[in-house]
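Right, one structure below, let's go through it.
The values are calculated or read from the model by the stated rules, or taken from the named source; none is laboratory data. Everything numeric in this text was worked out from a predicted model, so none of it was measured. For neighbour counting, all protein chains shown are included, and Cβ atoms are generated from backbone atoms with ideal geometry for every residue, glycine included. The protein model used for the area step is the full one, side chains on, heavy atoms only, and it has no ligands, DNA or RNA in it. Shrake-Rupley method; radii C 1.70, N 1.55, O 1.52, S 1.80 Å.
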Amino acid sequence: MQSNAIEVSDHPAEECGIFGVYGVSGAAGLIHRGLFSLQHRGQEGCGIVVSDGEHVRSHKGQGLVSEVFADPSVLPSDWNRGIGHVRYSTTGSTRIHNVQPLVVECVDGIWSLAHNGNLTNADKLRRMYQDAGAIFQTSTDSEVLVHILADPMYRRRPQRVARALAELHGAFSFLIMTKDCVMAARDPHGFRPLSIGRVGDGYVFASETCAMAQTGATYLRDVEPGELVTIDETGLHSSMFADPPEHKAHCVFEMVYFARPDSMVFGRNVHAVRMLYGACLAKEHPVEADIVIAVPDSGNSAALGYSRTSGIPFDFGFIRNHYIGRTFIMPQVEKRAASVDMKLAVLPEVVRGKRVVVVDDSIVRGTTIRHRVAWLRSAGAVEVHVRISCPPVAHPCFYGIDFPTREELIAGGQSVEEIREFIGADTLGYLSEEGLLSPFENAPDYCKACFSGVYPLDVEGQGDKSRHESLSPELPFQ
Ligand code: AMP
């Protein structure tokens with residue numbers, strides 16, 4: 001295992017959700033519902049590919065699942081297999097070409113792919129194939145897998161998919177569909193979640209179990225790190241495509257922020273873990289106050305945990321407009337700033353004259369919490385104590401969570417006291433790293449690089465690039 005503290009800038013990253021089905025008539029409808037439940041993982045574009053074993057149809061577009069699939073008859077309703085994707089990305093992003101699943105025609109048929117994560121050796125592989133004459137259709141890192149699969153070196157040998165996956169470094173949960181089967185694979189470190197469920201005689205795959213509950217599927221198990229699961233007409237087959245590393249590297253930020261509270265992620269219920277974070281915060285950073293409020297929805301569970309442990313009553317200090325999407329998921333900063341203002345409203349009747357503890361999941365640039373502290377004060381709060389249910393985010397992520405450059409991360413260059421002053425809070429308390437890992441018996445199996453700067457896997461020179469200098473630039477067509 002390689003551990004190296006790296007002081008670097010960011011690069012294109014993707015936070016996505018994937019959902020797949022095999023052996024269930026009406027796969028398109030099921031995937032539609034699955035993606036709808038995974039919408040929080042990406043709001044920029046989405047797509048579904050379905051097959052009846054002979055033919056393949058796909059539909060994708062930019063926007064929310066409800067927008068792209070406003071007409072449900074756009075795909076055949078009775079085909080029995082398929083995969084889908086919701087996408088968020090930071091650069092090269094708003095192009096329809098980058099919306100997944102990728103669908104390609106190889107010499108041996110049509111392959112479809114959906115990816116969640118970020119490949120750290122994608123630029124190297126892309127350059128290698130481009131040097132050899134390959135033409136790339138997208139600027140996503142995911143497309144390199146297509147080229148490896150089509151490479152005669154792999155195509156003509158047994159265990160082609162396993163061998164191709166073994167070439168990839170970084171974070172990946174992949175769904176792959178051929179005319180015969182649907183496959184699911186997870187990188188050997190298990191950075192991103194991926195689980196398997198059953199519906200009748202068929203199977204589903206989902207980034208998070210919340211999508212299973214909402215599609216009537218029953219959770220079976222997780223795809224193991226380093227495992228390739230293939231489902232075809234003979235059933236489920238499993239093989240390992242890589243040896244397990246000494247420690248896994250489950251992304252702890254899935255627990256802090258990204259995953260939905262009703263999901264089981266890495267074997268733990270997300271809401272329960274966040275409650276523990278709140279409880280731990282209350283012990284690490286107690287304060288005399290009248291009410292505890294959450295920044296909804298990201299701070300809800302931790303705020304409840306803080307309230308129960310501190311004994312300070314919980315109340316609703318902010319009301320959220322549910323008709324606006326997840327703010328951070330809008331890549332352009334201007335769009336974010338405008339929608340932050342539209343997203344929350346303060347309840348002056350709750351906070352006026354009160355000493356308020358406000359709990360949120362994380363501070364990235366610090367702009368949103370700063371606004372919120374100001375609103376609370378103008379609504380009459382006499383003290384505002386900010387509690388954050390993770391340590392300071394001080395380092396970029398190379399494994400699929402979109403954080404800005406270290407320079408843009410407020411904790412990248414400023415102390416807690418300087419951040420407190422910037423956001424205008426009376427006190428500011430972050431959860432410690434020990435607190436962050438305290439819910440887990442297998443704490444060494446979690447990646448916390450965004451807090452510690454210690455990366456569990458080499459980032460292969462990506463840190464030298466700015467986020468706008470990818471080797472996979474915007475292609476000249478739209
Ligand atoms: P800010 O400090 O203004 O940059 O925004 C921080 C807020 O954005 C946090 O409270 C989270 O709710 C949310 N957030 C943090 N990290 C991410 C991320 N990587 N992707 C999407 N949203 C995030």
What do you reckon, is Ala211 free of Cβ contacts under 8 Å to residues at least 60 places away in the same chain and in contact with a helix residue (DSSP H, G or I) (Cβ under 8 Å, 6 or more places away or on another chain)? no
In the list Met212, Met183, Met177, which residue meets the criterion of being among the hydrophobic types (A, V, I, L, M, F, W, C), outside the structural domain of Phe398 (by TED's automatic domain parsing) and closer than 21 Å to Phe136 by Cα? Met177
Test of understanding: among Leu220, Leu228, which residue is part of a strand (DSSP E or B), touching a strand residue (DSSP E or B) at 6+ places or on another chain (Cβ under 7 Å) and open to solvent by 70 Å² or more (accessible area, probe 1.4 Å)? Leu220
Which of the following residues is part of a loop (DSSP other than H, G, I, E, B) and surrounded by 18 or more Cβ atoms within 10 Å (Cβ to Cβ): Ser139, Ser173? Ser139
Exactly one condition in (1) open to solvent by less than 10 Å² (accessible area, probe 1.4 Å); (2) in contact with a helix residue (DSSP H, G or I) (Cβ under 8 Å, 6 or more places away or on another chain); (3) within 12 Å of the ligand (Cβ to nearest atom) is false for Gly400; which is it? (2)
Looking at Gly380, is it surrounded by fewer than 22 Cβ atoms within 10 Å (Cβ to Cβ) and either near the ligand (Cβ under 10 Å from one of its atoms) or of a type in the set (S, T, N, Q) (or both)? no
Search the range 272-292 for residues that are not assigned by TED's automatic domain parsing to the domain that holds Val351 and pair each with any residue that is open to solvent by 40 Å² or more (accessible area, probe 1.4 Å) when their beta-carbon atoms are under 9 Å apart and the residues are at least 6 apart or on different chains. none
One residue is enough: does the range 312-331 have a residue meeting the conditions more than 16 Å from the ligand (Cβ to nearest atom), small (Gly, Ala, Ser) and at pLDDT 80 or above? no
Considering only residues that are farther than 19 Å from Cys251 by Cα and open to solvent by 10 Å² or more (accessible area, probe 1.4 Å), which ones fall in the range 191-214? Arg198, Val199, Gly200, Asp201, Tyr203, Ala213, Gln214
Every residue from the range 267-311 that is open to solvent by 50 Å² or more (accessible area, probe 1.4 Å), part of a helix (DSSP H, G or I) and within 15 Å of the ligand (Cβ to nearest atom): Asn300
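Determine whether Ala411 is away from the ligand (no atom under 11 Å from the Cβ) and either of a type outside the set (Lys, Arg) or closer than 20 Å to Val287 by Cβ (or both). Write out each step before concluding.
Working: away from the ligand (no atom under 11 Å from the Cβ): no; either of a type outside the set (Lys, Arg) or closer than 20 Å to Val287 by Cβ (or both): yes.
No.
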Can we say Glu407 is open to solvent by 20 Å² or more (accessible area, probe 1.4 Å), in a helix (DSSP H, G or I) and farther than 23 Å from Gly190 by Cα? no
Filter the range 113-136 for residues that are at positive phi and in a strand (DSSP E or B) and give the result. Gly117
Residue set Val204, Val199, Val144; condition modelled with pLDDT of 95 or more, more than 18 Å from Leu35 (Cα to Cα) and of a type in the set (A, V, I, L, M, F, W, C); output residue Val144
Given the condition touching an Asp or Glu at 6+ places or on another chain (Cβ under 8 Å) and buried (at least 21 other Cβ atoms within 10 Å of the Cβ), answer yes or no: does some residue in the range 39-59 qualify? yes
Would you mind stating whether Arg163 is open to solvent by 30 Å² or more (accessible area, probe 1.4 Å) and in contact with a Phe, Trp or Tyr (Cβ under 7 Å, 6 or more places away or on another chain)? yes
Which ranges mark the strands (runs of 3 or more DSSP E) fully within the range 22-97 that have 3 or more residues being within 16 Å of the ligand (Cβ to nearest atom)? none
Looking for something farther than 28 Å from Ala272 by Cβ, of a type in the set (Asp, Glu) and outside the structural domain of Arg87 (by TED's automatic domain parsing) - is there at least one such residue anywhere in the range 377-389? yes
Could we say that Arg387 is within 15 Å of the ligand (Cβ to nearest atom), open to solvent by 50 Å² or more (accessible area, probe 1.4 Å), at pLDDT 95 or above and not in a loop (DSSP other than H, G, I, E, B) here? no
Matching residues, the range 343-372, being within 12 Å of the ligand (Cβ to nearest atom) and in a helix (DSSP H, G or I): Lys343, Thr367, Thr368, Ile369, Arg370, His371, Arg372
